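K.L.:
Please see the structure below; I have some questions.
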Amino acid sequence: MMEKFELLRVENLHKTFPGVKALKGVQIQVLSGEVHALVGENGAGKSTLIKCVMGVHKKDSQSGGIYLEGKECEITSPHHAMKLGLGAVYQDVMMAKHLNVAENFFLGKLPNKLGVIDWKFAHKKTTEVLQELDIDVDSKCILGSLSIAKQEMVAIAKIYANKCKVAVFDEPTALLSTEETVILFSLIKKLKEKGMGIIYISHRMEEIFEITDRITVFKDGEYVDTVNTVEVDEDKIIELMVGRSVEDMYGIKKPEIGKTVLSVKGLSKKNVFDNITFDLKKGEILGLFGLVGSGRSDIVSAIYGATSFDKGTIVLNGKEIKVKSPRDGINNGIGFLTEDRKHTGLFMELSCRDNTNVLSYKQMSRFGIISKKDEIENADLFMEKLKIKTPSMNQITKNLSGGNQQKVVLSKWLSNDSELLIIDEPTVGVDVGAKVEIYKLLESLLFQGKSIIMISSYLPEVMGLADRIMVIAEGKQMGIISNDEYKLGNFEDEQKFIKHASGIV
Amino acid sequence: MVSSIKSQYSKFFGKDKKGTQSSVVTVAVVLAILMIYLTFSSDVFLTYDNMFNLFRATSIYGVIAIGMTFVILTGGIDLSVGSVVGLTSILSTMMIKSGTPVNISIILALFAGIAVGVVNGIVIHYGKVPPFIATLGSMTVVRGLIKLVSDAKMITGLTESFTSFALNKFLGIPNLFWIWLIVIIIAWFILSRTIFGRNVYAIGSNEESARLSGINISRNIIYVYATSAMLAGVAGIMLASRLSSGIPTVGSGYELDAIAATVVGGTALTGAKGGVIGTVLGSILLATIRNGGVLLGINPFILEILIGLLIVFAVIAQRGSGK
């Protein structure tokens, strides 16, 4: 093992935006060969710190400094940060999706002879780095054709190839399946062995305990504490983050289960999913667990009408329904909270009010003219009901935190009185406090007699919340497991789910 | 000073501006400063005759720009409006010349214009052709059609009742300006208060979210391009009346003026941001610069350069203030 030395130190950093003090004297220190978790609720200042370090934001002039290997640095631009050996990987990989892997690797500095690109060299060099890190990707692949996980690994390899000393991973597993996360972690461990310092940002506690050496906690733009990971437990960290102890994240109450609401029989789509059959009862949460690409999202979007299917019947409240378009799903009282709320759920440039009301304009208008009063009342109602934190309902949705955005999506569907909610990865990119709030919301929905289908690749969540879990592997239904057959937090039970989801019976 | 104007503005217009108050206010302030400057530096600027001419000339571009605003709000673009101006101006004048009653000629010509928009919408949505290409195609096709039906000849000798409309005024205000005003009010109402209007913003913001929210994309896209073509058609008839003739080449390049007015007025080419009021201010600002340039005797070539720079600068300034 190498001697550990200090790579990056941030001291007493302040950052003020017009009207907001985002950072009030925070600090962090990263050693070589260390994975250092940075945790805190949304708005705690994690991203702001990263952006200051990466040269996106300029720190306040009277603030303390950023030291690289003991030397104070004034980081002026992202490009400058890269030159100094600072790199970042964001959850939605920011690279050129239409170009191939090697081009992405050398973007902006393609090897050339008198302006003619030396492709052979570019591919050779790229392949070398990929092999060194055991990443199974062909340098000639178009980046966009790879899975998100692979794209992320390419991004990481690129940072490594740039001789980066300190790398920041911002929610790297948010869009990954459990299996892909394992691969990502082995990659992170390799980087660590090579002496890189890593700042790891994640909302997922299990990951933090699995991969990191130390944890720094921020709260409301202030530094709280830095602890050795082995010396603390999850409850302790959550306590530091939110200032209160969270007894049991997933402890929601359940109502009496009612009659069957939805009955799906033999739902099939060629090469995507096959013979999916299940019932859903009133007041119940059915979990859908599977790896990314297993077809779980395709199944629910077929039920909603967003995509087509070949065979099978969908019976809602005893009546067979035909869903040919999202409109049909909506009219039948089905709500669909998609996985990627930014791109398929919200209208980011529009206000919270417009996002809440978009499905309900018919009810609040006559001859196509919308009643302003109804609009405002309805939006107000949901802002209050769901405790959406925003200065005003006219706030552009883009400016809200992840948790509040998710609540806005939810309010859109509740405003339409959907009785069956399909929720795809409800807490991706949502901080711990807002997560608990969303779970409580789901609880109150169940008590109102609604039924929920929930997709989650996050096992503790699905195990903690669902009444039954259907496991999907490669489009096939591997079984439906009732929640009295497993225990939350039991390692062997978790392994069983992962095995099922990998297609091992 | 600007901030107090801003707060008064938002009090007055309320909450429907989709967060674009700042860019609208910027344009309004620039326009106000320019007008005050011209009032003091030219004796002619603030005279009834000059204002009459300025607003009459702006009205035709202004109507087209309103239609363009609908299209740009969905994230699209409509290059065919200039040709549609030519189409309705030729068709209406040909029919009037052949003895068809004026009102029927106008209605039929407008339907021809709307048809172009419907085809644009269908090609864009069902053919999945990018709006730029689809409307570039229809722009060329329609211009060809115009020359074909008119034999590329000018049409003159129209009835007085048609040609006098553009010259006359009502309550001291040019008739053409009344038309623009009515179009502005209706368009503002549609965009801010109707389901169709909200759908325009929703589609421009995120088409996939809109589809998953049950919004009928095909119908709304067709409506939007039909609206743009219809308003271009109205402008064509206004122009035919003003020129007292149908000219096959008329309207060429108008699409660029309409886009410029829309963009200067703060509507983002990426969609969902902006609105009618900005476009109206943008139209007036561009017209005032042209008018003021002539009054102050600025070299017209230099004026051209200044307008070009303004368009680019306006977009940069708005991006800055939007942050």
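K.L.:
May I ask you to say which residue of B:S150, B:S161, B:S218, B:S213 is free of Cβ contacts under 8 Å to residues at least 40 places away in the same chain, touching a helix residue (DSSP H, G or I) at 6+ places or on another chain (Cβ under 8 Å) and either polar (S, T, N, Q) or farther than 30 Å from A:R327 by Cα (or both)?
P.N.:
Every option except B:S213 fails the conditions.
K.L.:
What is the number of the single condition among (1) under 24 Å from the mean Cα position of the chain (by Cα); (2) more than 8 Å from chain B (Cβ to nearest Cβ) that A:E349 does not meet?
P.N.:
A:E349 satisfies every listed condition except (2).
K.L.:
Determine whether the stretch A:323-345 contains at least one residue that is part of a loop (DSSP other than H, G, I, E, B), within 7 Å of another protein chain (Cβ to nearest Cβ) and free of Cβ contacts under 8 Å to residues at least 12 places away in the same chain.
P.N.:
The answer is no, given that none of the residues of the stretch A:323-345 is part of a loop (DSSP other than H, G, I, E, B), within 7 Å of another protein chain (Cβ to nearest Cβ) and free of Cβ contacts under 8 Å to residues at least 12 places away in the same chain.
K.L.:
A:T76 passes all but one of (1) at pLDDT 85 or above; (2) assigned to a loop (DSSP other than H, G, I, E, B); (3) in contact with a strand residue (DSSP E or B) (Cβ under 9 Å, 6 or more places away or on another chain); which number fails?
P.N.:
So the condition that A:T76 fails would be (3).
K.L.:
Then there is this: Against the definition (assigned to a helix (DSSP H, G or I) and touching a Phe, Trp or Tyr at 6+ places or on another chain (Cβ under 7 Å)), how does B:G117 come out, yes or no?
P.N.:
yes
K.L.:
Ok, one more. Are there any pairs, at least 6 apart or on different chains, whose C-beta atoms fall under 9 Å, with the first in the stretch A:306-322 and within 14 Å of chain B (Cβ to nearest Cβ) and hydrophobic (A, V, I, L, M, F, W, C) and the second surrounded by 15 or more Cβ atoms within 10 Å (Cβ to Cβ) and part of a strand (DSSP E or B), and if so, which?
P.N.:
From the stretch A:306-322, the pairs are A:A306/A:F336.
K.L.:
Sticking with this one: Out of all the residues in the stretch A:352-382, which are more than 9 Å from every other protein chain (Cβ to nearest Cβ), surrounded by fewer than 22 Cβ atoms within 10 Å (Cβ to Cβ), outside any loop (DSSP other than H, G, I, E, B) and among the aliphatic types (A, V, I, L, M)?
P.N.:
A:L381
K.L.:
In the set A:G258, A:G221, A:G287, A:G251, which member is within 24 Å of A:S444 (Cβ to Cβ) and crowded, with 20+ Cβ neighbours inside 10 Å?
P.N.:
Being within 24 Å of A:S444 (Cβ to Cβ) and crowded, with 20+ Cβ neighbours inside 10 Å holds for just one of A:G258, A:G221, A:G287, A:G251, which is A:G287.
K.L.:
Scan the stretch A:379-400 residue by residue and report those that are free of Cβ contacts under 8 Å to residues at least 40 places away in the same chain and either in contact with a Ser or Thr (Cβ under 6 Å, 6 or more places away or on another chain) or among the aliphatic types (A, V, I, L, M) (or both).
P.N.:
A:A379, A:L381, A:F382, A:M383, A:I388
K.L.:
Do we find that A:S444 is in contact with a strand residue (DSSP E or B) (Cβ under 9 Å, 6 or more places away or on another chain) and either at positive phi or not assigned by TED's automatic domain parsing to the domain that holds A:E207 (or both) in this structure?
P.N.:
no
K.L.:
Within the stretch A:407-421, work out how many residues are within 17 Å of the chain's Cα centre (by Cα) and within 14 Å of chain B (Cβ to nearest Cβ).
P.N.:
Residues in the stretch A:407-421 being within 17 Å of the chain's Cα centre (by Cα) and within 14 Å of chain B (Cβ to nearest Cβ): 3 in total.
K.L.:
Can you name the number of the only condition in (1) assigned to a helix (DSSP H, G or I); (2) touching a residue at least 60 places away in the same chain (Cβ under 8 Å) that B:I104 fails?
P.N.:
Of (1) assigned to a helix (DSSP H, G or I); (2) touching a residue at least 60 places away in the same chain (Cβ under 8 Å), only one is false for B:I104: (2).
K.L.:
I'd like the residue in the stretch B:166-201 that is facing chain A (nearest Cβ under 9 Å) and touching a Leu at 6+ places or on another chain (Cβ under 7 Å) and, out of all such residues, is surrounded by the most Cβ atoms within 10 Å (Cβ to Cβ).
P.N.:
If we take residues in the stretch B:166-201 being facing chain A (nearest Cβ under 9 Å) and touching a Leu at 6+ places or on another chain (Cβ under 7 Å), then B:Y201 is surrounded by the most Cβ atoms within 10 Å (Cβ to Cβ).
K.L.:
Filter the stretch A:87-97 down to the residues that are touching a helix residue (DSSP H, G or I) at 6+ places or on another chain (Cβ under 6 Å) and modelled with pLDDT of 80 or more, then identify the one that is farthest from A:A161 (Cα to Cα).
P.N.:
Among those residues, the one meeting the criterion is A:V89.
K.L.:
Pick out, from the stretch A:168-285, the helices (runs of 4 or more DSSP H) lying fully within it that include 2 or more residues that are closer than 20 Å to A:V436 by Cα.
P.N.:
A:205-211, A:234-242
K.L.:
Right, another one. Take B:L136 and tell me if it is modelled with pLDDT of 95 or more and crowded, with 20+ Cβ neighbours inside 10 Å.
P.N.:
The answer is no for B:L136.
K.L.:
Kindly indicate which of B:T227, B:T249 is over 30 Å from A:D340 (Cβ atoms), among the β-branched types (V, I, T), more than 11 Å from every other protein chain (Cβ to nearest Cβ) and in contact with a helix residue (DSSP H, G or I) (Cβ under 6 Å, 6 or more places away or on another chain).
P.N.:
B:T227
K.L.:
Give the residue that is farthest from the chain's Cα centre (by Cα), with candidates limited to residues of the stretch B:202-218 that are within 8 Å of another protein chain (Cβ to nearest Cβ) and among the aliphatic types (A, V, I, L, M).
P.N.:
My answer is B:L212.
The values are calculated or read from the model by the stated rules, or taken from the named source; none is laboratory data. Note that the structure is predicted; figures quoted are calculated from it, not measured. FYI the Cβ positions are ideal-geometry reconstructions off the backbone, even for glycines, and counts take in every protein chain you see.
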